[in-house]
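The values are calculated or read from the model by the stated rules, or taken from the named source; none is laboratory data. Please read these numbers as outputs of a predicted model, since none were measured by experiment. Virtual Cβ from ideal backbone geometry, glycine too; neighbours counted across all protein chains shown. The protein model used for the area step is the full one, side chains on, heavy atoms only, and it has no ligands, DNA or RNA in it. Shrake-Rupley method; radii C 1.70, N 1.55, O 1.52, S 1.80 Å.
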Amino acid sequence: MEVRVMENTFEISKAVSSIIIDEVKRNPKAVLGFATGASPIETYKRMIEAYENGEVSFKSITTFNLDEYCGLTRDDENSYFRFMKENLFGKTDIDFSRVNFLSGDETESEKSCREYSEKIAAAGGIDIQLLGIGTNGHIGFNEPSDSFSDGPFKVKLTQSTINSNSKYFKDKKMPGYALTMGIGDIMRAKKILLIATGESKANAVFKMIKGEVTPSCPASVLQNHSNAVIYLDRESAKLL
Ligand code: GLP
């Protein structure tokens with residue numbers, strides 16, 4: 001695990017987006033794992049700019065997103081599919097037929113979890129997985145628990161996650177469950193780039209990097225990945 005402390009979110013977004021863009025230039029059929037939340041938004045903006053400048057085309061990439069809320073349709077304003085459409089996919093030439101998502105629709109969710117790891121393998125594995133981190137150390141929606149998961153599963157969200165994410169659900173109640181890629185799926189990615197900014201992440205960042213590898217801080221498992229780079233700003237790095 002490599003740690004890079006940068007001046008601010010903009011510098012992080014330049015560094016992370018250029019790794020992704022270089023990968024896509026080198027391999028137009030790259031398989032990319034994407035994350036939602038506030039952390040990757042600036043990186044997605046730099047990717048959109050590079051597309052608009054004609055520097056890169058995303059039309060042949062395949063994508064897998066980390067997680068999705070249970071009970072929300074794709075078009076729901078709070079779904080992660082909608083987030084990706086608005087913050088990246090819809091603003092580039094990404095081909096939606098190669099966009100993969102766990103399905104929040106109750107009738108499909110079990111099947112989509114069962115098939116997701118196989119789909120990732122069939123695509124050749126994830127070349128670069130982008131991650132954020134929850135204030136409780138979660139990655140994707142892998143909440144603190146007694147063991148590391150392998151493949152995708154349905155998870156009951158913790159109160160800490162509900163407290164952090166409820167602000168996005170204006171007058172609606174936030175779903176209490178979500179689907180997430182497992183820790184195994186994340187760890188099988190060839191390269192992992194994690195972004196954490198702001199003081200609210202400092203404690204989780206400290207445990208991820210300096211703590212023991214334990215499922216009670218899921219992100220700590222990244223210490224065991226041979227090609228994981230953690231991008232921090234000064235605030236999130238302040239306890240290191
Ligand atoms: C959310 C998502 C994660 C995300 C994390 C941090 O709940 N499930 O994929 O990385 O929590 O979110 P943010 O970047 O908004 O702080």
Report yes if residue 86 is surrounded by fewer than 19 Cβ atoms within 10 Å (Cβ to Cβ), within 18 Å of the chain's Cα centre (by Cα) and within 16 Å of the ligand (Cβ to nearest atom), otherwise no. yes
Report whether or not residue 157 is touching a Pro at 6+ places or on another chain (Cβ under 8 Å) and surrounded by 15 or more Cβ atoms within 10 Å (Cβ to Cβ). yes
Of everything in the range 53-79 that's closer than 22 Å to residue 10 by Cβ and in contact (Cβ under 8 Å) with a residue 12 or more places away in the chain, which residue is most open to solvent (accessible area, probe 1.4 Å)? 55
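Is it the case that the range 162-177 has a residue that's crowded, with 21+ Cβ neighbours inside 10 Å and either not hydroxyl-bearing (Ser, Thr, Tyr) or not in a loop (DSSP other than H, G, I, E, B) (or both)? Before you say what the answer is, go through the steps one by one.
Let us first name the residues in the range 162-177 that are crowded, with 21+ Cβ neighbours inside 10 Å, namely none.
No: the range 162-177 contains no residue that is crowded, with 21+ Cβ neighbours inside 10 Å and either not hydroxyl-bearing (Ser, Thr, Tyr) or not in a loop (DSSP other than H, G, I, E, B) (or both).
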The correct count of residues that are more than 16 Å from the ligand (Cβ to nearest atom) and open to solvent by 50 Å² or more (accessible area, probe 1.4 Å) in the range 105-154 is 16
Report yes if residue 209 is open to solvent by less than 50 Å² (accessible area, probe 1.4 Å) and either of a type in the set (Phe, Trp, Tyr) or within 30 Å of residue 119 (Cα to Cα) (or both), otherwise no. no
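Consider the range 67-106. How many of its residues are among the basic types (Lys, Arg), at pLDDT 95 or above and part of a loop (DSSP other than H, G, I, E, B)?
Residues of the range 67-106 that are among the basic types (Lys, Arg), as a first pass: 74, 82, 85, 91, 98.
Subset that is at pLDDT 95 or above: 82, 85, 91, 98.
Next cut, part of a loop (DSSP other than H, G, I, E, B) only: none.
The total comes to 0.
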Here are some conditions: (1) in contact with a Gly (Cβ under 7 Å, 6 or more places away or on another chain); (2) open to solvent by 10 Å² or more (accessible area, probe 1.4 Å). Residue 199 meets all but one. Which one does it not meet? (1)
Qualifying position, being over 24 Å from residue 163 (Cα atoms) and without any contact (Cβ under 8 Å) to a residue 12 or more places away in the chain, among 122, 50: 122
